[in-house]
Every structure is written in structure tokens, then in C-alpha cells.
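The values are calculated or read from the model by the stated rules, or taken from the named source; none is laboratory data. What you see is a predicted model, and the numbers here were worked out from it, not measured in a lab. Don't worry about glycine lacking a Cβ; one is built from the backbone with ideal geometry, like all the others, and counts go over all protein chains shown. Calculation scope for accessible area: heavy atoms of the full protein, side chains included, ligands and nucleic acids excluded. Shrake-Rupley method; radii C 1.70, N 1.55, O 1.52, S 1.80 Å.
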Amino acid sequence: MNDKKPTQPQLTPLILWIMTITTGFVVANIYYNQPLLNDIAVTYHISTAKVGQVAMITQVGYGIGLLFIVPLGDMFERRKLMLIDFVFMVTSLLVAAWAPNILVLLIASLFVGITSVIPQLMIPMAAHLAKPRERGKKIGFIMSGLLIGILLSRTVSGFVGEHFGWRTMFYIAAGMMLLIWLLVYLQLPKVEADYTGKYATLMRSLVKLFKEEPALRLASFRGALCFASFSAFWTTIVFLLKQHFNLGSDVAGAFGLLGALGAVAAGLMGRLSDKTNAYKLSAFTIILIIVSFIVFMVWGYTLIGLAVGVILMDVGVQATHISNQAIIFALNPSARNRINTIYMVSYFIGGSLGTFLATIVWDKYQWNGVCTIGIALSSIVLVVHLLNHQKMKVHHQTVRS
């Protein structure tokens, strides 16, 4: 009789690549619609404010999925949870592609957002499988896939939308998810959950963590408003390009390539969070976001001005995100999944807020209104960050003593 416990699965290079590829392709589902908004508005004969709800409600859905699905990774075997989630994701994408009216598209978009949370199950899973001395490096590798998926999704959907129609993008996305479902089923190891309590108790602990960790609250606030600025830009850039330059969704998507360059710089900057004070680093990266929207306001009616602003904004937003994660994952190792849930829910609530504000402001104040939103939100973040920096130092000294 063999009484040996099953050995811990290893995070091999193949598994790491599958996790990274899965993360990049799944997170892209949330952003495919942004360069396509103008085309969708034409199809349904609706205003820019109305069509902006498609992007907004997708992000709201993602926030709902983060809050109610991601904590389940602490209760159920993760691969099985992901495989079930993929079924609903593919269905949602197919309904979005077929949608005969804007109401059906909005409902489908909500469920696309809810089901596209697999990256936030992958990252804690990678942390669990990785050797302790390599954990940060492995998570960083998967995060690079997440970031590239976010940025290049707009490039791909813009090109597909311009040449084959916006519905085609959702059909392609559904096909990709089927292929990745197969990859996950064949290659990803089973990882059993550690948590044995009830779901209600697990969810209540989120509130307790939020109340007890001021650094988590501050990071969540920073992330939410910075991502609101980011989303405000990406939701309305397609309207600016059509109105001012008479350019289509493919060009709007191509700006994602510039964002990818910014993401490389942000990754390099992120390494500084291991070597310098994360709070000081955050102040610098938030200033970059403010500067980017000033560039958009002054030089945004030129393609060069937009390009420079995109790089500055993406470096600022992504580096702030990395710095936030460095802070929150050092707080309570036993609650990293739930801490990540709180932070990411706040992050995407901010994203949906930015999308909503931008589409409303665009109708009345056009591009200058959107830039004003970006400057105002990022300036509020900087002021709150600087005012709370000293409080965080006192809090950490109290905890250590």
C-alpha cells in the first residue's frame, strides 16, 4: 500500500509559458471592443455616449468576476474552475458576435467581463507552484503576458474591425478561447485548494482585510484612479482619430503598439520597486501620468503628440500598478488571493468609472474634456498619495514595534 502524499507539481518552463499565453489571450477579451466602438455605434445607429457603455459594462463585469469568482480559487481545484469558466466565456463571446441589438451586446459584454478573470486565478497559482526564491520573477513573467495582452488586443481588434467588421473579432476571440481551453486541459497541473471554510466566511474576510490594511486601501485608491485615467483615454481615442484625422479603428488599435513599448519601459521601472522605496517610486510614476495628459491636451491634435503621450501614460500607469503590487503582496502572505481581489476589484471599478466619465464628457466637451478628466484624476491621486505617505511610514513603524 502506497501512503505517499502526491508530489507538488512543478512550475516547468512549458507550464509557465502556457500560463502566460493564457493570461494574455484571456485578458484581451475585455479590451477588444474599445477600438471598435465607432463601428458598433454605426451598426446600431446610436450615440458615442451610448456605445461607450459597451466598454464600461465589460469592465464592470470584470470587477464582478474578480469579487465573486476569483476567491473561489481558494476553495476549489483551480484547473477545473478555469475549464468551467471557459465554457461560459466562449458562450458570451459568441453571443456578443451575434448580438442583433445593443441591449443583447451589453448583456453579453457584461458576461465577457465576468468570465475573463482567469488571469487573476493564474497569478496566485503560479505563486503557489514557484520556488520561493523565483516567485517574483515567475509572477513578473506572467504579468508581462497580461500587459502585452491588454495593449496588443486593441491593435488586433482595430485591424480586424477595419478590414473584416467588428463582429468578426468576437468570433475569432471565441475560437481562440476554445484552443486555450484545450491547452489548459492537456497541460496545466491540478492544484487543490487549501481553504476549507465556507464561501460566506471567505467573502467576509475581504471586508476585514480592507479595514485592517491602510496600505491596501491607499494602493487600491491609487490603482483605481490611475486606471480610470487610462480607460478614459483608450475609450475616446477612436472618436478623436475619426473626428480630427478621419482615421479608422485600425489606427486606434495601432497605438497599442506604442503602449507595448511603454510597457517594456514600465517593466524595467518595476524592478526598481525591489531596490527603492515603493511609495517614492509611486509619486514619480503618478507625475508621469499627469504629464502625459498635459501632452495630450496641448499636442493631442497631432499624431506625434498622441504617440508621446501614450508612451508616457502607459509607463506611468503600468509602473504605478507594479509598485502597488509590490506594496500589497508584502502585507499578508496568507491572504494574497483576497488582497489581490480587493485591489483588482478597485482597479476595474476605477476603469469603468473612467470609461463612463469620458463618454459623457466627450459629447459636451470633446477631447479637451477627456484630457481634463485625466489631469484631474491623476492629480487627486498624487495629492492623496503625498498626504498619506507620512501616515504609512508611521503605520509601518507601529506594526514593526
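Values computed for the structure shown
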item: For the range 143-209, convex hull of alpha carbons as volume per residue, Å³; result: 176
item: Rough spin-label spacing in nm, given labels placed 7 Å along Cα→Cβ, for residue 163 and residue 246; result: 2.3
item: Bins of 10 Å, starting at 0 and running to the largest distance - Cα pair percent for the range 161-247; result: 12, 17, 24, 32, 14, 2
item: Estimated FRET transfer efficiency (residue 131, residue 211; beta-carbon r; R0 56 Å; 0.05); result: 0.95
item: Inter-site label distance for residue 98 and residue 366 at 7 Å from Cα along Cβ, in nm; result: 4.2
item: Taking the chain and dividing mean pair separation by its residue count, relative contact order in percent (alpha carbons under 8 Å, at least six apart); result: 25
item: For the range 3-60, Kirkwood radius (reciprocal of mean inverse C-alpha pair distance, Å); result: 14.6
item: Label-point separation in nm, residue 84 to residue 284, each point 7 Å along Cα→Cβ; result: 4.6
item: Debye log10 I(q)/I(0) for the range 81-156, one point scatterer per Cα, at q = 0.15, 0.16, 0.25, 0.27 Å⁻¹; result: -0.65, -0.72, -1.11, -1.16
item: The chain - percent of accessible surface contributed by carbon and sulfur, probe 1.4 Å; result: 68
item: Kirkwood-based shape ratio for the range 45-133, expressed as Rg/Rh from alpha carbons; result: 1.10
item: Under Karplus coefficients 6.51, -1.76 and 1.60, residue-wise ³J(HN,Hα) of the range 376-386 in Hz, glycine/proline x; result: 5, 5, 6, 5, 4, 4, 4, 4, 5, 4, 5
item: Segment residue 46-residue 199, extension gain: residue separation times 0.36 nm, minus the distance between their alpha carbons; result: 50.9 nm
item: GNM result for the chain, Cα springs below 10 Å: residue of 322, 84, 349 fluctuating most strongly; result: 84
